[in-house]
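Structure first, then comments.
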Amino acid sequence: MVRGSREASASAALSYSVFVRGAAERDVSEAQIWYELQQPGLAAEFNIEFNATLEILEKTPLIYQELYRGVRRAILHRFPYLVWYRVQDAAVTVLACTHGKVGPGKLRSILE
């Protein structure tokens, strides 16, 4: 399952702490349930991909551009999902994990 927060290691000079909000954890859980119903084992693969994205955000969160009021978007490579997050100081806060087809109106309400 998704870890609620991930602490940056003290030895890594440029690591960020990554915190996953409850709403984002629910998004991931819902996606995992759907994928597991489609094919056994696929939920675990989704989780691996999501956690790999969190590791990227821990090391280099600024590689993705700001899209909306300081919110950035990372794209899961194998699944059509987007990770929405903010960077403040040395912390990354994951706000949501949405399907790529979520409309702008609903997305705006999620991110505000």
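Can you list residue pairs whose Cβ atoms sit under 8 Å apart, with the first residue in region 96-112 being closer than 18 Å to Arg78 by Cβ and acidic (Asp, Glu) and the second being modelled with pLDDT under 80 and part of a helix (DSSP H, G or I)? Count only pairs 6 or more apart in sequence or on different chains.
Within 8 Å, no pair qualifies.
Restricting attention to region 54-73, report how many residues are in a loop (DSSP other than H, G, I, E, B) and more than 20 Å from Ser15 (Cβ to Cβ).
The number of residues fulfilling the criteria is 3.
Which one of Val92, Val87 is closer than 19 Å to Glu25 by Cα, at pLDDT 95 or above and surrounded by 20 or more Cβ atoms within 10 Å (Cβ to Cβ)?
Being closer than 19 Å to Glu25 by Cα, at pLDDT 95 or above and surrounded by 20 or more Cβ atoms within 10 Å (Cβ to Cβ) holds for just one of Val92, Val87, which is Val92.
Among Tyr81, Tyr64, which is the only one that is crowded, with 16+ Cβ neighbours inside 10 Å, more than 16 Å from Glu25 (Cα to Cα) and not β-branched (Val, Ile, Thr)? Spell out the reasoning first.
On the way: Tyr81 fails: more than 16 Å from Glu25 (Cα to Cα).
That would be Tyr64, the only listed residue that is crowded, with 16+ Cβ neighbours inside 10 Å, more than 16 Å from Glu25 (Cα to Cα) and not β-branched (Val, Ile, Thr).
Within region 41-58, identify whether any single residue is surrounded by 12 or more Cβ atoms within 10 Å (Cβ to Cβ), of a type in the set (Ser, Thr, Tyr) and at pLDDT below 95, and answer yes or no.
Looking through region 41-58, none of the residues is surrounded by 12 or more Cβ atoms within 10 Å (Cβ to Cβ), of a type in the set (Ser, Thr, Tyr) and at pLDDT below 95.
Would you please list the contacts, defined by Cβ atoms under 8 Å and residues six or more apart or on different chains, that run from a residue in region 46-61 that is under 16 Å from Arg73 (Cβ atoms) to a residue that is crowded, with 17+ Cβ neighbours inside 10 Å and small (Gly, Ala, Ser)?
Going by the 8 Å Cβ cut-off, the qualifying pairs are Thr53/Ala74; Ile56/Ala74; Leu57/Ala74.
Only one of these is loosely packed, with under 11 Cβ neighbours inside 10 Å, modelled with pLDDT of 50 or more and of a type in the set (A, V, I, L, M): Ala13, Ala31. Name it.
Numbers: Ala31 fails: loosely packed, with under 11 Cβ neighbours inside 10 Å.
So the residue among Ala13, Ala31 that is loosely packed, with under 11 Cβ neighbours inside 10 Å, modelled with pLDDT of 50 or more and of a type in the set (A, V, I, L, M) is Ala13.
When region 88-112 is examined, which residues are found to be farther than 27 Å from Glu45 by Cβ and either of a type in the set (Val, Ile, Thr) or out of contact with any Lys or Arg (no Cβ under 9 Å at 6 or more places or on another chain) (or both)?
Within region 88-112, the first condition is being farther than 27 Å from Glu45 by Cβ, and the residues that meet it are 88-91, 104-105, 108-109, 112.
Selection gives Gln88, Asp89, Ala90, Ala91, Pro104, Gly105, Arg108, Ser109.
Could you tell me whether any residue of region 34-49 is closer than 14 Å to Val18 by Cβ and among the polar types (S, T, N, Q)?
We begin by selecting, within region 34-49, every residue closer than 14 Å to Val18 by Cβ; these are none.
So far as region 34-49 goes, no, none of its residues is closer than 14 Å to Val18 by Cβ and among the polar types (S, T, N, Q).
From the residues in region 95-112 that are not in a helix (DSSP H, G or I) and not hydrophobic (A, V, I, L, M, F, W, C), which one is nearest to Val28 (Cα to Cα)? Can you show your working first?
Looking only at region 95-112, we keep the residues that are not in a helix (DSSP H, G or I), and these are 95-103, 112.
If we keep only those that are not hydrophobic (A, V, I, L, M, F, W, C) as well, we get 98-101, 103, 112.
On the way: Thr98: 8, His99: 10, Gly100: 13, Lys101: 15, Gly103: 18, Glu112: 19 Å.
Filtering first and then ranking leaves Thr98.
If you scan region 72-100, which residues turn out to be in contact with a helix residue (DSSP H, G or I) (Cβ under 8 Å, 6 or more places away or on another chain), among the basic types (Lys, Arg) and under 14 Å from Pro61 (Cα atoms)?
Arg72
Would a scan of region 79-89 turn up a residue that is touching a Ser or Thr at 6+ places or on another chain (Cβ under 7 Å), part of a strand (DSSP E or B) and over 25 Å from Trp34 (Cα atoms)?
Checking region 79-89: at least one residue is touching a Ser or Thr at 6+ places or on another chain (Cβ under 7 Å), part of a strand (DSSP E or B) and over 25 Å from Trp34 (Cα atoms).
Examine region 34-53 for a residue that is of a type in the set (Val, Ile, Thr) and in a strand (DSSP E or B), and state whether such a residue exists.
Scanning region 34-53, I find no residue that is of a type in the set (Val, Ile, Thr) and in a strand (DSSP E or B), so the answer is no.
The values are calculated or read from the model by the stated rules, or taken from the named source; none is laboratory data. In this text the structure is predicted, and so the values were computed from the model without any measurement. Glycine gets a Cβ as well: all are built from the backbone with ideal geometry, and neighbour counts include every protein chain shown.
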